[in-house]
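The values are calculated or read from the model by the stated rules, or taken from the named source; none is laboratory data. As the structure is a computational prediction, the values presented were derived from the model and not from experiment. With ideal geometry, Cβ positions are generated from the backbone for all residues, glycine too; neighbour counts draw on all protein chains shown.
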Amino acid sequence: MVANWDELTPSDPKDKNNKLDPGQVKGISILDLTTVLASSGAELTKFIPDFKPSRTMWLDDFQLSTARAPQSAGLYKDAVASSLVVDNFETGVYRWMPVRVDFAGNPPSFALFPADASLKILPEAAGPGAGKTPIEPGGKGLRYSYKRGAKTAFGLNCSVEKQDLSRADRLRLSLNMSQKSLVIVQVKEKDDSEYNQIIMPDDSVGWRSLDLPLSSLTLGENSRDENNALDPGQIKEISIVDASGFLGGMLGEGDTTLELDAVSFGLK
Ligand SMILES: [Ca+2]
Ligand SMILES: [Ca+2]
């Protein structure tokens, strides 16, 4: 994997200019978040089905380069507009969390990194395009493979909590389902209000390039929001959910792939 300094997000909200200054770097850490969570007492086996406490981390070919890497996230400006790239998958960094939700029980149960699913960044999973700019599909994309069934949903979550989205007015992404699916594109505010765009089964197969005005997303049925409006500056998370399992077997079950590329917000 490779990343530019300016694609790293600050974990300290008190940083003066809200970006990493290469001349100020004094150390680099690589953390296995699973072990961090385990030491916090979280019941990981409940969320990560194949969690093993004994883990090995391998590190090789570590380099600091003066050449700029392809940009896979962050602010991008062209002659006409500004965008905030959420992910175009060009640098092999994984920013999306795979999730499975089982509705058979009450309450529903959640599994992060479900054992029966796989997540890969691949050239074969790229959207159609030359990927000439960070906001265009092409190059590499993300492939989420899983076996779907009744009363089960599979989704991908990406946190954008550290990004300044106050000027965002559109969400763009390229999406490809391997079989007819009911897909929900969901944007969540910091207070957990959920806003959705539903992709109907007949519009889901083959690459779709979506360009959604944020004002067209609608508040989820089970969601409350104090002002009933999606406030871009409050957006903390994007989810892409295959909710076909809700339809009681109307859509096909079994092996399914969800491919994603070129996710960005258009800025005003
Ligand atoms: Ca790409
Ligand atoms: Ca709101």
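Observations
- For the range 109-128, the set of residues classified as buried (at least 19 other Cβ atoms within 10 Å of the Cβ) and near ligand 1 (Cβ under 10 Å from one of its atoms) consists of 121, 125, 126, 127, listed by residue number.
- Which listed residue is on the phi < 0 side of the Ramachandran plot and more than 16 Å from ligand 2 (Cβ to nearest atom), from 120, 151: 120
- Only a single criterion out of (1) closer than 30 Å to residue 115 by Cβ; (2) exposed (fewer than 10 other Cβ atoms within 10 Å of the Cβ); (3) modelled with pLDDT of 75 or more; (4) not acidic (Asp, Glu) is not satisfied by residue 39, namely (3).
- All positions within the range 202-242 that are surrounded by 15 or more Cβ atoms within 10 Å (Cβ to Cβ) and of a type in the set (A, V, I, L, M, F, W, C): 207, 210, 212, 214, 217, 219, 230, 235, 238, 240, 241
- Some residue of the range 125-137 being among the small types (Gly, Ala, Ser) and part of a strand (DSSP E or B): no
- Those strands (runs of 3 or more DSSP E) lying entirely in the range 151-267 with at least 1 residues closer than 27 Å to residue 84 by Cβ and among the charged types (D, E, K, R): 168-177, 183-189, 194-199, 208-213, 235-242, 254-267
- Residue in the range 95-110 that is touching a residue at least 60 places away in the same chain (Cβ under 8 Å) and more than 22 Å from residue 33 (Cα to Cα) present: yes
- Candidates 163, 197, 179, 186 - the one that is polar (S, T, N, Q), farther than 16 Å from residue 256 by Cβ and surrounded by fewer than 18 Cβ atoms within 10 Å (Cβ to Cβ): 197
- Within the option set 143, 68, 100, being basic (Lys, Arg) and part of a loop (DSSP other than H, G, I, E, B) holds for one residue only, 68.
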